[in-house]
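The values are calculated or read from the model by the stated rules, or taken from the named source; none is laboratory data. Only a predicted model underlies this, so the values are computations on that prediction, with no experimental measurement involved. Cβ placement follows ideal geometry from the backbone for every residue including glycine, while neighbour counts extend to all protein chains displayed. Surface accessibility is based on the protein's heavy atoms, side chains included, excluding ligands, DNA and RNA. Shrake-Rupley method; radii C 1.70, N 1.55, O 1.52, S 1.80 Å.
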Amino acid sequence: MQFFSRKINAVLFLTIIFFPHNLAFAKTESKAKGFAEVKTTYSGEVKNDKTATAIKLPKNRRKSYFSKIDSKIINLVEFGSPASIEEAMQLMHKNESNYKEYEKVLISIATQIMKNVWPSKAITWEEFDFSEITSYTEALKSVSQGIIDTSTGNTDYLSTILPALVVLKSSIVSNEDIEKCKEIILLAISEYPEHKNSVLPNYLLGIVNQKLNNHIEAKNYFKNVYELESNIFENQIAYAKTLRSCDLLAEAESVLKTIGVEFQNNVEVLKENAYLSFQQNKIDLAETYVARVLQINPSDLDFVLFRAKILIEKKDYIHAVSLLDMYERQHVDSLEYYILRAKLQLNWSKNTAAALETVEKTLPLYPDNQEILMLAASISAATDSPVAGKYADELASIVLEKDPDNIEALLYQVEGYSYHQNWEKAYEACKKLVSLDSENPVTALRYVEVCLYVQKYNEAYNFISKLYKKNPDDELILQAYVLAYSKTGKRDDVLKFINSLLPETTNKKIKSDLLYQRSFLQKMEENQLADLRSSLMEQPRNSKSLFRLYEIYFEKKDYRKAQYYLKQVVAINPNDMSIKKLNETLTKLIK
């Protein structure tokens, strides 16, 4: 089997139950929905200065402090949506001199919920200063300071859940702190189950799970809010982002389209549209959104990097490298930066040694990152050498442990197995490949090549014949078909088939490959050499034809001629260590 038949022809480089639908607004008689099991006590220890005392459940849970306020107003505030809070404030509206201290406290609670949870909504009512210290005001003070305060007494639903608002603060980043906020919310729901259907706890639990990277759980909570009130801006963005994280791109796009026109130039909306467009492979549209973000904030380094990523996708390497250089001068400690830099080194400057150095420096820092593993596997496959001590099949296997149906990883696994001549494992991997992606020309060619190595000639021919009938003009499928056909034992028929194609073929690359394939069917060495030279006339850089000429002259022990052709192969494939080793061995023979 010709040496280069196993090379890839293209560079390969993205328990919570759902709640019932049609939730009723603020109806306490609705059935309990699918929250995770709620803990009724908090047993965690205080471990940092952001946490006050542990939660202790009171025996008296009545809303005694607000007992003189209409229960409808209380329920509206507790429901916690922008619309319900605004309605509650309208119902409470009166002249300032007529407000009681407890009314001012409730207005303060409503104000802080709106400012912390729904900052896009303007405060349309008057805010108050008051002198009375209450568990509510102390909880809100702690939230403003970024402190997880569980010492508010838990005398009612609001005093129990208010400390959890701190999860919205950017300072709350550790999983331990986020989990504490989660327990506070679940505790509030456990003690006051009528609020399982409320906007506020659902949204906060969505944020908690989003921060913990529990995207499916987060999606379910944001969905509950969306079904209750679909026009809450913060939830629309959070829901769309989580849908995108779950690869539900059409649903994410649908949610983004429901955002009001007044938010269409909002930076968060532009960013989410940029990310979504990129994942949908709408590269030009993504670039448009990225440009709009950078017009608003030119120093947004994440989007400077994102723009470089888009330019690399578009093969606009000159502009991409300038952006990476600008990013490097300001902030170099970024996985995304190292990945993009390695891609530039591979695809633009063709400096595999530099790309290898970048990847080997990055891989130990992010040993489980799929993208850097795939980059490492691609370099190993291209060079037939290890990266960070592992070959392509070993690197790909790490990815396949978590993502067993990853096509790209399976291809690299086959490359690694092929390099080590472990053809049975390569065959099993190829079988899985075609079960997942049977009509991909790259996959098809690789499957045929490996089948021929394990002498499954009929299997290869039967497989590729069907694809060839569907797409006879595809270069790789034609190559695979001729390769399999030539192993059926019907030499004369194959020769006739190739000869019928040659006069009609205008594509020099295809013609070169057909002549290369025909050389194996020629009985006379003179004819073999003639076909290979004709192949090189059509495509002088045909590595397979050059390598085949090296093999012929090496077998004849004409080492100087053999090296003449092998050196050209080395020049075309400077990173292939196996070819370099052959050339080094040949040089020793000549000396």
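Assorted remarks:
- Total residues in region 146-168 satisfying the condition of being within 22 Å of ILE107 (Cβ to Cβ) and either surrounded by fewer than 21 Cβ atoms within 10 Å (Cβ to Cβ) or modelled with pLDDT of 85 or more (or both): the figure is 14.
- Picking from residues in region 84-126 that are aromatic (Phe, Trp, Tyr) and touching a helix residue (DSSP H, G or I) at 6+ places or on another chain (Cβ under 7 Å), the one that is surrounded by the most Cβ atoms within 10 Å (Cβ to Cβ) is TRP118.
- Of the criteria (1) open to solvent by 10 Å² or more (accessible area, probe 1.4 Å); (2) closer than 24 Å to PRO574 by Cβ, which one PRO404 fails: (2)
- Among (1) at negative phi; (2) modelled with pLDDT under 90, the one test that LYS343 misses: (2)
- Of all residues in region 427-450 being touching a Leu at 6+ places or on another chain (Cβ under 8 Å) and of a type in the set (D, E, K, R), the one that is most open to solvent (accessible area, probe 1.4 Å): GLU439
- Positions within region 543-575 being buried (at least 22 other Cβ atoms within 10 Å of the Cβ) and not in a helix (DSSP H, G or I), in sequence order: none
- Scanning region 524-542 for residues that are open to solvent by 50 Å² or more (accessible area, probe 1.4 Å), farther than 26 Å from ASP474 by Cα and in a helix (DSSP H, G or I) gives GLU525, GLU526, ASN527.
- Contacts under 6 angstrom Cβ, first residue in region 464-477 being under 19 Å from LEU502 (Cα atoms), partner open to solvent by 60 Å² or more (accessible area, probe 1.4 Å), 6 or more apart: ILE477/ASN471
- Residue in region 189-201 that is closer than 26 Å to ALA274 by Cβ, open to solvent by 50 Å² or more (accessible area, probe 1.4 Å) and either of a type in the set (Phe, Trp, Tyr) or at pLDDT below 95 (or both) present: no
- Residue within region 470-478 that is farther than 25 Å from GLU504 by Cβ, open to solvent by 50 Å² or more (accessible area, probe 1.4 Å) and charged (D, E, K, R) present: no
Matching residues to (1) closer than 22 Å to SER465 by Cβ; (2) within 43 Å of the chain's Cα centre (by Cα):
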{"position": "SER486", "(1), (2)": "yes, yes"}
{"position": "ARG491", "(1), (2)": "yes, no"}
{"position": "ASN499", "(1), (2)": "yes, no"}
{"position": "LYS509", "(1), (2)": "no, yes"}
{"position": "GLU538", "(1), (2)": "no, yes"}
{"position": "LYS544", "(1), (2)": "no, yes"}
{"position": "PHE547", "(1), (2)": "no, yes"}
{"position": "ILE552", "(1), (2)": "no, no"}
{"position": "ASP558", "(1), (2)": "no, no"}
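- Flag for TYR419 being of a type in the set (Phe, Trp, Tyr) and surrounded by 16 or more Cβ atoms within 10 Å (Cβ to Cβ): yes
- Selection from region 317-373 of residues that are open to solvent by 60 Å² or more (accessible area, probe 1.4 Å), within 23 Å of ILE407 (Cα to Cα) and not in a helix (DSSP H, G or I): TYR366, PRO367, ASP368
- Any hit, region 209-228, residues being surrounded by 21 or more Cβ atoms within 10 Å (Cβ to Cβ) and assigned to a loop (DSSP other than H, G, I, E, B): no
- Test: residue in region 251-273 that is assigned to a loop (DSSP other than H, G, I, E, B) and charged (D, E, K, R): no
- Which numbered condition LEU521 misses (of (1) in a helix (DSSP H, G or I); (2) within 28 Å of ALA562 (Cβ to Cβ); (3) hydrophobic (A, V, I, L, M, F, W, C)): (1)
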